[in-house]
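Structure record follows, encoded as structure tokens.
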Amino acid sequence: MPPIPENVIVVGAGIGGLATAIELAGAGVEVTVLERRPVAGGKMREIEVADLAIDSGPTVLTLRDVFDGLCASVGQNLDDVVTLDPLPILARHAWDEGAHFDLFADVARTEAEVARLFGDRTLADFRRFSARAAAVHASLADRFMRASQPGLLGLVTRFGLSGLPELMANRPFSTMWRELGRLLPEPRLRQLFARYATYCGCSPFDAPSTLMLIADVEARGVWRVKGGMQRLAEGLTKVAERAGVTIRYETPVAELRVAQGRVAGVRTADGEDIQASAVVSAADVGAIADGLFGTEVATRVRAPARHQRSLSAMTWSAKASSEGRPLAYHNVLFSTDYRQEFEQIFTERRVPDAPTVYVCAQQQSDGIGGDPHSPLGRAGTPPSQDLTADGTRSRSQSIFCLVNAPPDGDVTRPSPEEIARCTKTMQDALSRCGIRLTLDPSTTRITTPADFAEMFPGTGGALYGRATHGPFAAFRRSGSKTALPGLYLAGGSVHPGAGVPMAALSGRLAASQLMADRASTRQYHPAGISGGMSTPSVATAATD
């Protein structure tokens, strides 16, 4: 039996690490979080450009019930530490200079848009797809997403014999692209919803069809964080500290110490030894596997090989001028050949010739005017507008652009000429869709896969951990529990996956697994977690 974890160290103050710390503190455990950076947030990045603070990582929040439940577990309220504003337009999409398609939070408005642009037959298809996505989400939310990674056999056991028809109705052995073709033959809508595979860093041509559940997640609500996503990290640190958690910034961990066959604490980069009964690492599993926390723990976790990594990205954070089609907060400008785009990324290992471009216009609330709750600009001012020579409006605003790229930042770095060529390719893609974006090098910060590889060691620049390619890939992610007693994992590189709410769920699962091991002599048999967290809460099935 493991010793009772009277004190626990959490390595990393990303969302997964903070969630772990809060959950453990609520259970009465003494917790210290060690963060190598001067701020919390992990992959949340706030880049300052021309006195503007630009969200340059995650830009919105979904599944807010995860965070409501996390705060409630320590008797606090999410609304007391952060302000969330629902997005009326989930995203604006375009394929060329023709009509755009808006996906609304109000499903009736979305259905009217589908009927207007694609006709009644496609509306019926859209309703069928929406119902299928909701059914998949309902089927897997508690049995997989919010439960400790059970492995395939464990998942089948959770469904039980009577539930096997429901499991197979999710069509787990079909790809997302194939299943969308069956449900949504209209090619533009098929491409639109296939894009949700990239939320997990995957190609829709290789990702399992079950990822369509992300469409239902967004349909249930998307929120902007007032002041920017960094305010969410700051809010959760307040929740953690009020619950008794100690957070130490600028304290990188050099080694996870092992004694008598179990983790016994950590050694910091400045040589300080800190003892602990258990350690939860919220760093990427690749950092552990690469030996960045010592050789004794490196063999106890499995990181994806280079060809198994998820997407990386080229990003532009800028104060920019745009003309033409008005931008919503979220905008997706699609490539003309979607299959070729992912073949060039994952097979040819290069930035696509004609990429899909994501644009976050962070001063827009509805695609029409400015937003007084802008996370950009200290005064929260709306974008300024000037008339161009041809009489159209030029909007100067804070922009974040992203193009998917191969996760090879640890083996190659783009030259200035390659970066310039990629920038032009991105601008050409926008221009084809009726948006002319002007970038000033003095007010633009570009981040490459090589930069991401340096910021997040052990990843090669991959932003989502292991790519979920194939029907069994989701079971190959590391779970909360490792083969080394006393060492637990959290964060976007472990189960249930990448993204802000998934990272939070991973932290809650890690805390529950740790507490389950503590109580194992009392025949402690936890179940899954929902929006709130109750004990018992997580099954103790072995992970890989």
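Scanning the range 80-89 turns up no residue that is open to solvent by 30 Å² or more (accessible area, probe 1.4 Å), within 24 Å of Leu489 (Cα to Cα) and not β-branched (Val, Ile, Thr). Looking across the range 197-207 at every residue that is touching an Asp or Glu at 6+ places or on another chain (Cβ under 9 Å) and open to solvent by less than 10 Å² (accessible area, probe 1.4 Å), the one that is farthest from Ile22 (Cα to Cα) is identified as Ser203.
Selection of the range 35-59 for residues being in contact with a helix residue (DSSP H, G or I) (Cβ under 9 Å, 6 or more places away or on another chain) and more than 30 Å from Asp440 (Cβ to Cβ) yields Glu35, Ala40. Does Thr268 satisfy the criteria of being out of contact with any helix residue (DSSP H, G or I) (no Cβ under 7 Å at 6 or more places or on another chain), among the β-branched types (Val, Ile, Thr), open to solvent by 30 Å² or more (accessible area, probe 1.4 Å) and modelled with pLDDT of 95 or more? No; evaluated as a whole, the condition is false for this residue. Of all positions in the range 104-112, none carries a residue that is part of a helix (DSSP H, G or I), open to solvent by less than 40 Å² (accessible area, probe 1.4 Å) and either at positive phi or touching a residue at least 24 places away in the same chain (Cβ under 8 Å) (or both).
Taken over the range 149-174, the residue count meeting the criterion of being assigned to a loop (DSSP other than H, G, I, E, B) and not polar (S, T, N, Q) is 4.
Kindly indicate whether any position in the range 398-417 is touching a residue at least 24 places away in the same chain (Cβ under 8 Å), over 30 Å from Leu155 (Cα atoms), among the acidic types (Asp, Glu) and open to solvent by less than 30 Å² (accessible area, probe 1.4 Å). Yes, some residue in the range 398-417 is touching a residue at least 24 places away in the same chain (Cβ under 8 Å), over 30 Å from Leu155 (Cα atoms), among the acidic types (Asp, Glu) and open to solvent by less than 30 Å² (accessible area, probe 1.4 Å).
Each residue in the range 214-238 was checked for being touching a Phe, Trp or Tyr at 6+ places or on another chain (Cβ under 9 Å) and either open to solvent by 20 Å² or more (accessible area, probe 1.4 Å) or more than 30 Å from Ala27 (Cβ to Cβ) (or both), and 4 pass. Can you tell me which residue in the range 167-189 is nearest to Trp95 (Cα to Cα), limited to those that are open to solvent by 20 Å² or more (accessible area, probe 1.4 Å) and within 22 Å of the chain's Cα centre (by Cα)? In this case the residue turns out to be Trp177.
For (1) within 27 Å of Gly75 (Cβ to Cβ); (2) modelled with pLDDT under 95; (3) open to solvent by 30 Å² or more (accessible area, probe 1.4 Å), each residue gets a yes or a no:
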residue: Ala19; (1), (2), (3): yes, no, no
residue: Ile22; (1), (2), (3): yes, no, no
residue: Gly26; (1), (2), (3): yes, no, yes
residue: Arg36; (1), (2), (3): no, no, yes
residue: Val39; (1), (2), (3): yes, no, yes
residue: Ser56; (1), (2), (3): no, no, no
residue: Thr59; (1), (2), (3): no, no, no
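Taking residues in the range 283-300 that are touching a residue at least 24 places away in the same chain (Cβ under 8 Å) and over 12 Å from Gly458 (Cα atoms), and partners anywhere that are part of a loop (DSSP other than H, G, I, E, B) and open to solvent by less than 90 Å² (accessible area, probe 1.4 Å), the pairs with Cβ atoms closer than 6 Å and at least 6 places apart or on different chains are Arg300/Thr482; Arg300/Ala483; Arg300/Leu484. If you filter the range 431-487 down to residues that are among the basic types (Lys, Arg) and surrounded by fewer than 20 Cβ atoms within 10 Å (Cβ to Cβ), you find that the one that is nearest to the chain's Cα centre (by Cα) is Arg476.
Go over the candidates Val297, Val359 one by one and state the one that is outside any helix (DSSP H, G or I) and either open to solvent by less than 30 Å² (accessible area, probe 1.4 Å) or at negative phi (or both). None of the other options fit; the residue is Val359. Filtered by the rule that a residue be closer than 25 Å to Ala194 by Cα and in a loop (DSSP other than H, G, I, E, B), the range 461-482 gives Gly461, Ala462, Leu463, Tyr464, Gly465, Ala467, Thr468, His469, Gly470, Pro471, Phe472, Arg477. Which residue out of Glu241, Glu255 is part of a helix (DSSP H, G or I), acidic (Asp, Glu) and open to solvent by 30 Å² or more (accessible area, probe 1.4 Å)? None of the others qualify; the one that does is Glu241.
The values are calculated or read from the model by the stated rules, or taken from the named source; none is laboratory data. Because the structure is predicted, anything quoted here is derived from the model rather than measured. Positions of Cβ are backbone-derived with ideal geometry, glycine not excepted, and every protein chain shown enters the neighbour counts. To get the accessible areas, we keep the full protein, side chains included, count just its heavy atoms, and leave off ligands, DNA and RNA. Shrake-Rupley method; radii C 1.70, N 1.55, O 1.52, S 1.80 Å.
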